[in-house]
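Report on the structure given below.
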Amino acid sequence: MSEKKFSKKHEWVSLDGDVATVGITKHATEMLGDIVFVEVPDAGKAVEKEGQAAVVESTKAASDVYSPISGEITEGNKAIADDPGSVNTDPEGASWFFKLKIKDKGEYDSLMSKDEYDKFCKENPS
Amino acid sequence: MEIQKTALYNYHKNLGAKFVPFAGYEMPIQYKEGIVKEHISTRTHAGFFDVSHMGQFFLEGDETLIESLEKIIPADLKNLKINHSKYSFLLNNEGGIIDDLIITRTEKGFCIILNAACKENDIKQISQFLKDNHKHLLNNNLSLIALQGPKSVEILDKLIPGVANLKFMTGNNFDYEGEKLYVTRSGYTGEDGFEISISNNKVEKFIDYLISNKVKPVGLGARDTLRLEAGLCLYGHDLNEKINPVEANLKWAIAKKRREVGGFNGWETIKDLLAKGSEKIRVGIKPDGKVIARENTKIFSSENNEIGFVTSGTFGPSVNAPVAMGYVKSEFSEIGTSIQLEVRGKKYGGKISELPFYKKSYVK
């Protein structure tokens with residue numbers, strides 16, 4: 001598994017061959033608060049880079065989860081749809097959102113490193 | 001207009017509050033532990049809420065004050081005993097709700113607790129009916145603290161002996177730190193609890209005491225999930241000037257005597273609706289699955305006809321399921337009726353549900 005890369009919309013991506021795993025960052029969960037609903041995409045769905053791919057809702061509001069990378073969904077994580085609160089406890093581990101077969105590794109390479117993302121969060125507090 | 005702050009603003013900051021602008025005030029939406037934990041600790045122990053943004057409006061006057069207020073408030077104020085409170089409304093000429101409120105009879109007149117976003121207009125509306133010898137004051141030197149939850153009575157009675165004797169929707173003056181506090185047994189969470197009117201310069205010390213008794217601070221986020229589980233309306237969402245008390249399923253809050261005799265704004269309309277029922281009515285809604293039907297979600301019948309809309313919706317931490325309130329055509333308002341909720345373009349099943357979603361435990 002490759003190192004994690006990060007998007008400005010607070011998603012993370014790791015790569016295993018041509019299959020990417022996508023989730024939301026710990027920082028994102030801290031901004032959202034208690035997560036109470038998750039909708040993940042079905043296998044076979046095509047997603048575009050920065051296109052809407054999943055939904056996450058906290059007690060406060062609903063937010064879209066975007067795919068930081070284009071491709072075809074191979075699996076949505078049903079476990080988090082059944083237990084949305086688990087996204088708060090392990091957002092960058094077991095509580096990934098979806099996996100997809102990517103088309104262009106260049107999209108992955110262009111995302112931020114961990115250090116760059118941490119810096120981005122500090123400079124863009126919300 | 002410059003954004004206002006309550007006397008506890010810095011105190012909240014030190015407790016790690018996240019602030020949002022609300023009704024012209026910078027208010028805590030949540031603290032460090034988050035909405036769900038704040039909600040649960042209110043239900044299991046006790047929580048405190050700074051609701052000092054709400055208007056504490058005091059009126060004094062002779063007998064004619066009652067006549068004046070009864071023109072805009074449909075409660076039976078003549079028979080309201082001193083230190084007793086009622087939930088009521090300010091009504092416009094069409095019977096629409098200008099604001100919902102709690103009115104308490106005091107020794108010299110009345111105290112009305114008004115919603116922060118409405119208070120200035122409320123006072124204008126009330127003033128139309130007041131006479132020259134009626135005195136009124138929106139007291140900004142007072143904070144208002146809600147202490148809610150099963151342990152509230154034990155904790156508050158230790159500090160202010162006697163509050164345990166108050167019954168739900170009654171109040172009294174108590175001594176605290178050399179001054180008088182006004183305490184009512186009431187709230188907005190479905191729990192037993194109190195609302196304490198206290199001068200701004202004593203409020204920090206009072207909160208220190210609550211915190212030393214493990215009372216958690218609770219922000220507007222959990223205030224919303226608590227009140228929704230308790231089936232209580234939020235003005236500006238579930239109620240507004242175009243909705244009347246019959247549609248809002250709040251006809252119980254119009255005094256029986258006054259329904260018959262009238263003499264208040266909008267009575268003609270309301271009398272008519274009381275007799276024949278309204279076209280739409282406020283109901284509780286439970287989505288079948290985990291999907292949250294938030295405000296403005298469209299409601300459809302099982303035959304796919306649009307029948308209404310959601311006015312409040314969230315996840316209820318104590319119910320451990322999504323909960324909502326909204327308005328539907330009255331023929332679809334029976335408990336258990338199957339409905340569909342349109343969320344993000346997809347239709348999800350749901351049912352008309354009894355209110356409250358969470359059973360209250362008031363001390364009567």
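Observations
- Note on the stretch B:9-25: residues that are within 14 Å of chain A (Cβ to nearest Cβ) and either among the acidic types (Asp, Glu) or part of a helix (DSSP H, G or I) (or both) total 0.
Yes or no, residue by residue, for (1) buried (at least 17 other Cβ atoms within 10 Å of the Cβ); (2) in contact with a helix residue (DSSP H, G or I) (Cβ under 6 Å, 6 or more places away or on another chain); (3) in the same structural domain as B:Thr170 (by TED's automatic domain parsing); (4) farther than 21 Å from B:Ser199 by Cα:
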position	(1), (2), (3), (4)
B:Leu114	yes, yes, yes, no
B:Asn133	no, no, yes, yes
B:Asn140	no, no, yes, no
B:Gln148	yes, yes, yes, no
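- Flag: B:Phe309 matches the condition of being in contact with a strand residue (DSSP E or B) (Cβ under 7 Å, 6 or more places away or on another chain) and without any contact (Cβ under 8 Å) to a residue 24 or more places away in the chain.
- Complete set of residues in the stretch B:260-288 that are touching a Pro at 6+ places or on another chain (Cβ under 8 Å) and closer than 30 Å to B:Lys359 by Cβ: B:Ile270, B:Gly284, B:Lys286, B:Pro287
- All of B:Gly277, B:Gly313, B:Gly289, B:Gly308 fail the test of being within 13 Å of chain A (Cβ to nearest Cβ) and either in contact with an Asp or Glu (Cβ under 7 Å, 6 or more places away or on another chain) or within 20 Å of B:Asn249 (Cα to Cα) (or both), apart from B:Gly313.
- Condition check for B:Ser197: in a loop (DSSP other than H, G, I, E, B), among the polar types (S, T, N, Q) and either surrounded by fewer than 24 Cβ atoms within 10 Å (Cβ to Cβ) or without any contact (Cβ under 8 Å) to a residue 24 or more places away in the chain (or both): no
- Selection count where residues are in contact with a strand residue (DSSP E or B) (Cβ under 7 Å, 6 or more places away or on another chain), touching a residue at least 40 places away in the same chain (Cβ under 8 Å) and not aromatic (Phe, Trp, Tyr), scope the stretch B:12-32: 10
- Any hit, the stretch A:71-89, residues being within 14 Å of the chain's Cα centre (by Cα), surrounded by fewer than 14 Cβ atoms within 10 Å (Cβ to Cβ), farther than 24 Å from B:Ile29 by Cβ and more than 14 Å from chain B (Cβ to nearest Cβ): no
- Filter result for B:Thr6 (away from chain A (no Cβ under 14 Å), buried (at least 16 other Cβ atoms within 10 Å of the Cβ) and within 30 Å of B:Ile211 (Cβ to Cβ)): yes
Table: residues versus (1) crowded, with 20+ Cβ neighbours inside 10 Å; (2) under 21 Å from the mean Cα position of the chain (by Cα); (3) without any contact (Cβ under 8 Å) to a residue 60 or more places away in the chain.
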residue	(1), (2), (3)
B:Ala293	yes, no, yes
B:Ile299	yes, no, yes
B:Ser318	yes, yes, no
B:Pro322	yes, yes, yes
B:Val328	yes, no, yes
B:Phe357	yes, yes, no
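The values are calculated or read from the model by the stated rules, or taken from the named source; none is laboratory data. As the structure is a computational prediction, the values presented were derived from the model and not from experiment. Every residue, glycine among them, receives a Cβ derived from its backbone with ideal geometry; neighbour counts consider all protein chains shown.
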